[in-house]
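These notes concern the structure reproduced below.
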Amino acid sequence: MKTITIGGKAGDGIKAAGKLFANILSQLGYYVFVLDDYPSLITGGHNFNKISFDKKPIFSHYKETDVLIALDKKTIDKHKKELKKNGIILYDSNSFSYKGAIGIPAQDFVKEVGGIKIMRNVALLGALSYALGIDFKIVKSVLKKVYPEKADKNIVIAQKGYTFAKENVKQILRLKKIGKPKEVMSGNTAIAYGAVRAGLDIYIAYPMTPATSILHYLAKNSQKFKLKVVQPENEISVINMALGSAYAGAKTMIGTSGGGFALMNEALSLAGMSETPIVIVECQRPGPSTGVPTYTSQADLNFVLNAGHGEFPKVVIAPGTNEQAYYKSAEALYLAWKYQVPVILLSDKHLSESLKTFEVKNLKKVKIKTSNGGKNYKRYLITKDGVSPIAFPGTKDSVVKASSYEHDEFGITTEEPEVVKKMQQKRLRKMKAIEKEVEKLEAVKVYGKGKNVIVTWGSSIGAVLEAAKGLKNVKIVQIIYMLPFPKKSVEKHLKNAKKIVCVEANATGQLANLIKLNTGIEIKNKILKYDSREFEPIELLNELKRWLK
Amino acid sequence: MKLDTYAEITWCPGCGNFGILTSVKNAINELIKEGIPKEKFVIASGIGCHAKIVDYINVNSFYSIHGRVPPTLTGIKLANKDLVAIGFVGDGDIYDEGISHLIHAAKRNTDITIVVHDNGVFALTTGQFTATSPKGFKGKSTPKGSIENPLNPIKLMLVSGATFVARGYAGKPEHLKELIKKAVKHKGFSFVDVLQPCVAFNNTYNFYNKKVYDLNAEGHDTSNFEQAMKKADEKEKIPIGIFYETQAQVFEDHFN
């Protein structure tokens with residue numbers, strides 16, 4: 001396992017460099033994980049990413065670094081201490097000078113071909129590729145793929161960096177092609193992709209970090225995916241528009257973060273009452289309030305579980321890797337439509353925006369039985385499992401009435417206590433049916449065997465899986481379904497454990513509390529992180545060792 | 001065609017909503033006769049006295065929540081643009097709670113019709129001032145009179161880009177029916193503010209009966225934006241009819 005750190009100011013193309021290099025590595029057949037760390041500003045500040053790669057699947061970045069690529073001096077000052085013993089530093093020597101580090105005249109190379117300043121990143125990546133012993137042909141092919149329109153200049157600049165390094169940098173690795181090229185994908189792209197594969201018709205969102213990249217990706221690819229993508233005036237409009245489109249038969253997903261989700265709560269309850277299917281992606285960031293907008297957190301679990309006034313069935317799913325994000329996004333769409341309920345897909349910045357190798361199978365389109373309506377059609381027909389046949393407006397000879405008010409089977413407002421009770425029972429029966437269905441799905445994922453158990457959820461699984469490589473006799477239990485809670489399965493895996501440690505990125509141990517609420521099992525050992533940054537495997541391993549010794 | 005449902009009508013006797021209900025049912029019936037299949041109609045409402053109207057008309061409906069009718073209808077049209085979407089909203093509903101949605105729906109030129117039951121009061125919550133209550137309005141939350149000036153909905157919609165802007169009066173159901181038919185037939189965002197007396201909290205029948213006049217009968221040029229803005233300012237006599245009408249590309253037609 002090796003790690004590259006690339007840093008500079010916002011506007012230096014740090015994110016792009018990370019993505020580009022992850023693609024070069026995966027082209028060689030390596031598994032990669034890329035953390036993208038950036039503050040809430042557009043130009044300046046300090047952005048960096050960590051690209052960790054290995055021959056075997058890798059689930060997290062590591063802090064310790066083999067190569068540090070610096071587009072500004074601050075990057076070296078901040079990250080020098082993370083450099084491994086034989087690590088090297090490559091930097092743009094046209095911007096500053098630094099003793100003991102290897103200067104690459106990146107700015108000169110850019111000027112020589114009449115490029116723009118942001119292309120310095122490519123000059124340094126050229127030099128880096130040489131230092132790692134990568135064949136330039138690979139670099140060239142990736143540049144062509146990533147920048148189809150401006151590949152030529154970038155290739156020349158990368159070549160100049162590569163050639164310069166040949167004479168000035170000692171190769172520290174010789175990375176050869178070790179396998180088939182792999183795909184690299186962010187969690188958000190995976191969420192979007194999974195939903196599209198499952199048959200998404202419409203995506204609606206108001207921009208909010210860290211959910212925005214779903215909107216960007218789907219807007220860019222809307223033609224290809226035959227998808228309608230809309231950005232309305234606010235999150236309240238987002239969810240109400242989505243309920244309108246779902247009522248009229250379109251599979252609709254929306255995306256936001258905690259603050260936006262707060263605005264959607266009124267209509268979340270409407271989805272519950274009107275039994276309108278909807279998938280809501282909630283990408284957590286640190287709160288309360290505006291909080292730390294471009295960093296990560298798992299503190300909205302209680303919030304989404306309890307969201308919406310009144311009592312109605314809903315589903316909360318928290319994938320932890322980009323592959324899970326892909327499958328669970330499709331599953332969310334399926335459950336929403338099968339049971340006509342709101343489904344919340346709970347992500348977080350670290351899952352949503354980190355890149356990881358992505359290996360998945362093709363998904364089938366979600367197929368839902370719909371009703372042909374007819375003169376006696378009742379939108380809210382009382383059934384055994386609570387699910388009423390769904391028909392859409394426009395169906396011949398049918399009247400489809402949806403309502404936010406308590407209503408009778410046809411959809412007309414009622415205040416009769418017997419009807420109110422019957423309808424409430426009908427809706428809640430759907431939850432029983434969902435519980436049964438979820439038992440057949442991957443609601444809990446267990447890794448390894450052992451007497452000690454690490455419980456975790458969401459993106460924290462990545463660092464846990466990496467840290468566990470340094471532990472023996474340990475079982476990892478990742479809880480994916482938060483609602484309905486997979487009580488039996490969790491109980492089974494926890495009850496005979498010698499020691500249990502819960503790892504999550506919030507200050508109050510929300511998952512540990514949820515486990516206690518559902519199973520009575522109290523987890524005293526909690527590793528909680530709430531400094532707005534994600535877990536790091538080595539730091540986590542040290543803490544785990546202390547708890548589990 | 002009978003468009004009634006079995007729901008018991010619970011508006012106060014004499015409520016302006018009856019005039020609106022009659023106008024709407026007649027308009028839909030005539031549009032069905034003119035060739036729009038009944039199942040293509042979708043109506044939606046917010047929350048308030050006005051909103052009960054969806055229970056009283058036997059066509060597809062979405063009884064939405066307070067202020068959110070424009071996005072609900074926009075979503076319906078996004079999913080299926082062949083549907084004919086008519087929204088019923090209250091003045092508190094749409095000029096207070098949901099005003100941003102109204103403005104943006106007009107700006108987008110979504111092909112929907114919004115009918116505002118504008119009675120100048122929150123009635124179902126037993127009488128508080130709304131955005132169109134006159135200054136000095138004495139309600140339960142403003143016992144000494146409202147200190148705020150009212151909005152001018154017609155001007156607001158004109159500057160927001162609405163492509164069909166009209167005002168009707170619940171006391172003139174035949175005129176209102178024609179307005180609603182024209183609004184529905186108009187391709188683009190249609191806005192009809194309906195002056196609606198509230199017998200319980202803001203009885204304006206006598207006031208409006210004396211003041212309203214049909215501006216279209218007096219040769220108003222509905223293609224003239226400036227003239228429409230001037231007409232929207234008239235207070236001594238109150239113009240009803242179509243203020244402005246134009247054609248522009250419709251929001252949902254931008255999508256494949």
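The values are calculated or read from the model by the stated rules, or taken from the named source; none is laboratory data. The model shown is predicted, which means the values in this text are computed figures rather than measured ones. For neighbour counting, all protein chains shown are included, and Cβ atoms are generated from backbone atoms with ideal geometry for every residue, glycine included.
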- Can you tell me how many residues in segment A:167-190 are surrounded by 13 or more Cβ atoms within 10 Å (Cβ to Cβ) and either β-branched (Val, Ile, Thr) or part of a helix (DSSP H, G or I) (or both)? 8
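For every residue, the table says whether it meets (1) outside any helix (DSSP H, G or I); (2) of a type in the set (A, V, I, L, M, F, W, C); (3) outside the structural domain of A:LEU28 (by TED's automatic domain parsing).
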site: A:ARG197; (1), (2), (3): no, no, yes
site: A:ILE239; (1), (2), (3): no, yes, yes
site: A:SER245; (1), (2), (3): no, no, yes
site: A:ALA250; (1), (2), (3): yes, yes, yes
site: A:GLY287; (1), (2), (3): yes, no, yes
site: A:THR290; (1), (2), (3): yes, no, yes
- Message: Quick check on segment B:31-60: of everything there that is part of a loop (DSSP other than H, G, I, E, B) and of a type in the set (Gly, Ala, Ser), which residue is farthest from the other protein chains (Cβ to nearest Cβ)?
- Response: B:GLY35
- Pairs, please: C-beta under 6 Å, at least 6 apart or cross-chain, first residue more than 7 Å from chain A (Cβ to nearest Cβ) and surrounded by 24 or more Cβ atoms within 10 Å (Cβ to Cβ) and in segment B:61-82, second hydrophobic (A, V, I, L, M, F, W, C) and not in a helix (DSSP H, G or I)? B:VAL69/B:ALA44; B:VAL69/B:VAL89; B:LYS77/B:ALA85
- Task: Go through the residues of segment A:399-413 one by one and say whether even a single one is more than 14 Å from every other protein chain (Cβ to nearest Cβ), out of contact with any Pro (no Cβ under 8 Å at 6 or more places or on another chain), free of Cβ contacts under 8 Å to residues at least 24 places away in the same chain and of a type in the set (A, V, I, L, M).
- Result: no
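Listed here are the residues, each with its yes/no results for (1) hydroxyl-bearing (Ser, Thr, Tyr); (2) more than 11 Å from chain B (Cβ to nearest Cβ); (3) more than 23 Å from the chain's Cα centre (by Cα).
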| site | (1), (2), (3) |
| --- | --- |
| A:LYS166 | no, yes, yes |
| A:TYR193 | yes, yes, no |
| A:GLU235 | no, no, no |
| A:SER257 | yes, yes, no |
- Does B:GLY19 qualify as being part of a helix (DSSP H, G or I), away from chain A (no Cβ under 14 Å) and out of contact with any Ser or Thr (no Cβ under 8 Å at 6 or more places or on another chain)? yes
- Message: Just to be sure I understand, how many residues within segment A:252-271 are in contact with a Lys or Arg (Cβ under 8 Å, 6 or more places away or on another chain) and not in a helix (DSSP H, G or I)?
- Response: 1
- State whether one or more residues within segment A:79-90 are crowded, with 19+ Cβ neighbours inside 10 Å, assigned to a helix (DSSP H, G or I), in contact (Cβ under 8 Å) with a residue 12 or more places away in the chain and on the phi < 0 side of the Ramachandran plot. yes
- Restricting to segment A:528-543, what's the tally of residues that are surrounded by 15 or more Cβ atoms within 10 Å (Cβ to Cβ) and within 19 Å of the chain's Cα centre (by Cα)? 7
- Query: A:GLY462: under 23 Å from A:ILE538 (Cα atoms) and either part of a helix (DSSP H, G or I) or at pLDDT 95 or above (or both), yes or no?
  - Reply: yes
- Only one of these conditions is not met by A:ILE116: (1) free of Cβ contacts under 8 Å to residues at least 12 places away in the same chain; (2) crowded, with 16+ Cβ neighbours inside 10 Å. Which number is it? (2)
- Tell me which residues, restricted to segment B:115-132, are within 20 Å of B:ILE240 (Cβ to Cβ) and either under 14 Å from the mean Cα position of the chain (by Cα) or within 14 Å of chain A (Cβ to nearest Cβ) (or both). B:VAL115, B:VAL116, B:HIS117, B:ASP118, B:ASN119, B:GLY120, B:THR132
- Task: Under 6 Å between Cβ atoms, at least 6 apart or on separate chains: pull out the pairs that start in segment B:101-114 with a residue that is within 11 Å of chain A (Cβ to nearest Cβ) and end on any residue that is surrounded by fewer than 24 Cβ atoms within 10 Å (Cβ to Cβ).
- Result: B:ILE103/B:SER160; B:HIS104/A:GLU233; B:LYS107/B:SER160; B:LYS107/B:GLY161; B:ARG108/B:PHE251; B:THR110/B:PHE251
- Single residue of segment A:510-527 satisfying the filter (crowded, with 18+ Cβ neighbours inside 10 Å and of a type outside the set (S, T, N, Q)) that is nearest to A:PRO210 (Cα to Cα): A:LEU511
